[in-house]
Amino acid sequence: MTPSDDVMDIVVRGACLAERPGRWDIGVRAGRIADIAHRIGARAATELDAAGRLAAPTYVNGHVHLDKCNLGDVMRPNRTNSFQECLEITWEHKRGYTVEDLLERAGRAIEEGILNGTTVFRVFADVDTIGGLRPLEGMLALRAKWRDVVHIQVVDFPQEAIIRDRGTFELMDEGMRMGADVVGGLPWHEHVDEDARRHIDLCFDLAKKYDKDVHMLVDDTDNPNSRSLEYLAVKTLREDFQGRVSASHCGALAAYDEVHAQKVMALVKEAGISITSNPHISLVAQGRHDREPIRRGITRVKQLWRMGVNVFSGQDDVNDPYYPFGRNDQQEVASIMCHSCHMTYPDEIRAVFEFVTGNAARALRLEDYGLEVGCRADFNVLAAPTIQHVLRLQQPPRWVVRDGRVLATNELKRTFDDAGRAR
Ligand SMILES: [Zn+2]
């Protein structure tokens, strides 16, 4: 009996696929993609008529702070219009977080993310002497609560740095013992280069001790003297961690002169470091001290991509003291990436779509990710037939399928009441 003779759990009819011409049926059985063919004969418990819409693997959000998210609903206004006050507002709340409060705010963001087609989240949890381990405790509870619905990785993240916030390293160690998935880092936030290097060394000590991957926020500044990415790359090579390290932001790389930038990018490539750029955050966080021309503060996304570095992109912030917007929507993130990095030609648009799907999955080392027979049945039936039009229209997926079941449905009803007269 061929697969197409069996009964399927779900069959999607008439979908477009990114690199394959024509219309395709997708058969799902036991949580896996069982068949992809122009016509699948099998019956299914659930039939979805894609009607020519694009099917693609679900979005992967590899960088998001769900301990802080939705503080925008309860926080006081930022009176000085300053980044420093963003930090202070966060501290005020962080001291009083409860696990229940964290689960409630983060749960709303997860739900929003699912409706927008994301089923994988790498969640950063602040670990420092202000909030202690409470944010991490909350994010581990979030991972447990949503375990059967989405895939969550929790990052043990020193938001106030390590050397300048004495006691943080011991808290991070405890956080890894509690079950965090990834060792975080924020080396550029230390006061001097020597401490930034020590910071990176300490994070690798933890990564080796617990055999976990590393994801650091690096050189999140326009300051061309911020040089932690190059040391991170060298350390990755020395410790044989190629393919296990991600670096977010890397804004300073865009401020280096070309000669130094080329050296650092070659090291990043050799070390197999994935670079995360969250362009909407860089656009509003950087360039604040510039007079015209004002820099965008975004790392060298296009150069890195062209040289074969694994680049990906995440939501970062949702309605928090640092960023008043954000819908936990990787389509919006991709659209802003296309605009802010001049990636609007066909191969560039396809590449940016990979930043929020395949490349992010590679960085997070997800197994069996993709829209291929045998892969996990985690895919979206999107709102339009091509990637270009999905990003142009910015409408949510028609269906979100995860683990072989329909996890979310979006129905958009729009009526032009006066259509007759206009024509
Ligand atoms: Zn971040």
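Observations, loosely collected:
- Take the Cα of ARG291, step 7 Å toward its Cβ, do the same at GLU111, and the gap between the two points is 5.0 nm.
- Charge dipole of the chain (Cα centre as origin; +1 on each Lys and Arg Cβ, -1 on each Asp and Glu Cβ, all else neutral): 1120 debye, rounded to the nearest 20.
- Taking a sphere under 13 Å around the Cβ of TYR345 and counting the other residues whose Cβ falls inside, with K and R at +1 and D and E at -1, yields a net charge of +1.
- Intensity falloff of the stretch 1-146 expressed as log10 I(q)/I(0), Debye formula with alpha-carbon point scatterers, at q = 0.12, 0.13, 0.18 Å⁻¹: -0.67, -0.72, -0.98
- Under 25 Å from LYS263, Cα to Cα: lysines that are on another chain or at least 8 residues apart: LYS235, LYS302
- Note that the stretch 13-27 has calculated 3J(HN,Hα) couplings of 9, x, 8, 8, 10, 4, 10, 10, x, x, 9, 9, 9, 10, x Hz, one per residue in order, obtained from phi through the Karplus relation 6.51 cos²θ - 1.76 cosθ + 1.60 (θ = phi - 60°); glycine and proline are x.
- Spin-label pair ALA37/ARG23, simplified geometry with 7 Å Cα→Cβ offset, distance in nm: 1.7
- Relative to the Cα centre, the charge distribution of the stretch 6-58, modelled as +1 at Lys and Arg Cβ and -1 at Asp and Glu Cβ, gives a dipole magnitude of about 80 debye.
- Carbon and sulfur %, accessible surface of the stretch 59-363 computed with the full protein complex present, 1.4 Å: 50
- Rolling a 1.4 Å probe over the protein heavy atoms gives the stretch 266-423 an accessible area of 48 Å² per residue.
- Extreme residue, positive dipole direction of the stretch 59-363, given options VAL183, TYR345, GLY131 (C-beta unit charges): TYR345
- Measuring nothing but how far apart in sequence close Cα pairs (under 8 Å, 6+ apart) lie, relative to its length, the stretch 122-255 scores a relative contact order of 20 percent.
- Label-point separation in nm, MET178 to ARG198, each point 7 Å along Cα→Cβ: 2.5
- Label reach from GLU104 (point 7 Å along Cα→C-beta): in the stretch 136-167, amide nitrogens under 20 Å belong to 136-146.
- Taking a Cβ cut-off of under 10 Å around THR236, the surrounding Lys, Arg, Asp and Glu residues balance to a net charge of 0, with basic ones at +1 and acidic ones at -1.
- The stretch 59-363: C-alpha pair distances exceeding 36 Å, %: 8
- Summarising the amide proton neighbourhood of ARG29: residues at separation of 5 or more, or on other chains, whose placed amide H is nearer than 5 Å comprise ASP9, ALA34.
- The stretch 167-224: trypsin sites (Lys or Arg not before Pro) in DSSP coil with no more than 15 other Cβ atoms inside 10 Å: none
- Summing +1 for each Lys or Arg and -1 for each Asp or Glu among the other residues whose beta-carbon sits under 13 angstrom from that of HIS38 gives +2.
- Candidate aspartates and glutamates - alpha carbon under 13 Å from LYS68, same-chain residues fewer than 8 apart omitted: GLU88, GLU92, ASP101, GLU104, ASP126, ASP316, ASP317, ASP320
- Gaussian network model of the chain, springs between alpha carbon atoms under 10 Å - residue of PHE355, PHE204, PHE157 with greatest fluctuation: PHE204
- Summarising the amide proton neighbourhood of THR276: residues at separation of 5 or more, or on other chains, whose placed amide H is nearer than 5 Å comprise ALA247, SER248, HIS249, PHE312.
- Considering only LEU142, LEU54, LEU412, the mean-square fluctuation computed in a Gaussian network model of the chain, springs between alpha carbons under 10 angstrom, is largest for LEU412.
- When the chain is treated as a GNM with alpha-carbon contacts under 10 Å, the residue of PHE325, PHE379, PHE241 showing the greatest mean-square fluctuation is PHE325.
The values are calculated or read from the model by the stated rules, or taken from the named source; none is laboratory data. This structure is a prediction, so every number in the text was calculated from the model and none was measured. Because the Cβ atoms are built from the backbone with ideal geometry, glycine has one as well, and the counts that use them run over all protein chains shown. Just so you know, the surface numbers come from the protein's heavy atoms only, side chains and all, with ligands and any DNA or RNA stripped out. Shrake-Rupley method; radii C 1.70, N 1.55, O 1.52, S 1.80 Å.
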